[in-house]
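Visitor: Got a structure for you, questions after.
Please treat every number below as a calculation from the coordinates, not as lab data. All figures in this text were calculated on a predicted structure; none of them were measured in a lab. Quick reminder, even Gly has a Cβ in these numbers, built from the backbone with ideal geometry, and neighbours come from all protein chains shown.
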Amino acid sequence: MNDCETIRDQLVAHHEGELGEGERRLVEAHLSACPDCVRDAGLIREALARVETLPVPEPPVGSWQAFEVAVRRRIAGEAPPRPGLWGRLIAPLHGLFLLRPVPALAAATALGLLLAVGLVRTQRSPRDVPPAEVLVFNEDLAIGQNLEVLESLDFLEDIEVLERLDVLQKLDGGRRPRLS
């Protein structure tokens, strides 16, 4: 196929503005150098202008109704399409309401299962909990380790009691003595 034949095939699209930028430039460059293709482009423009001036006839009354009836007859004469494998497998179950896919029910079931699995996995087994004797021993151990602190606190309370005694206040001339 030579260049002129390729360009002639694109002249109608060029006239209608349907070519891309690169193709449009190629056609215009060819038209600037080829008088035969310029003549053909002029004939195409003239023919399309004449066609555009022709009146568009209205369809006869009732033609759309007749067309609809013909289409319906043709559709009724066609065999229905054969269902796919999955459709044939579930066709006997189609009448059962409970087996129809219900997205909300499926989502609720999946959420319930996830919740149940999570609860089962997070429960501690009884062997992980130490026996009561160990807990009591640990508490006694903690109190024993802080015994020195507790004893000094008792001593400080005893000092406060002594400071409040009236006898000590009289010995010190009426002022409260500071023992600490």
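Visitor: Between Ala70 and Leu89, what is 0.36 nm times their sequence separation minus the Cα-Cα distance? Round to one decimal in nm.
Guide: That pair, Ala70 and Leu89, stretches by 3.4 nm at full extension.
Visitor: Once you place label points 7 Å from the Cα toward the Cβ at Val120 and Asp3, how far apart are they in nm?
Guide: 8.0 nm
Visitor: Mean 1/r over all different Cα pairs, inverted: what Kirkwood radius does the range 3-53 give, in Å?
Guide: 11.0 Å
Visitor: If R0 is 35 Å, what FRET efficiency do you get for Leu113 and Ala79 from their C-beta distance, rounded to 0.05? Don't skip to the answer; put the middle values down first.
Guide: Numbers: r = 44 Å, r/R0 = 1.26.
Plugging the Cβ-Cβ distance into 1/(1 + (r/R0)^6) gives 0.20.
Visitor: Could you calculate the contour length gain from Val51 to Arg25, that is, 0.36 nm times the residue separation minus the distance between their Cα atoms, to one decimal place in nm?
Guide: Values: separation 26, 0.36 × 26 = 9.36 nm, distance 2.66 nm.
Using 0.36 nm per residue and subtracting the Cα-Cα distance, I get 6.7 nm.
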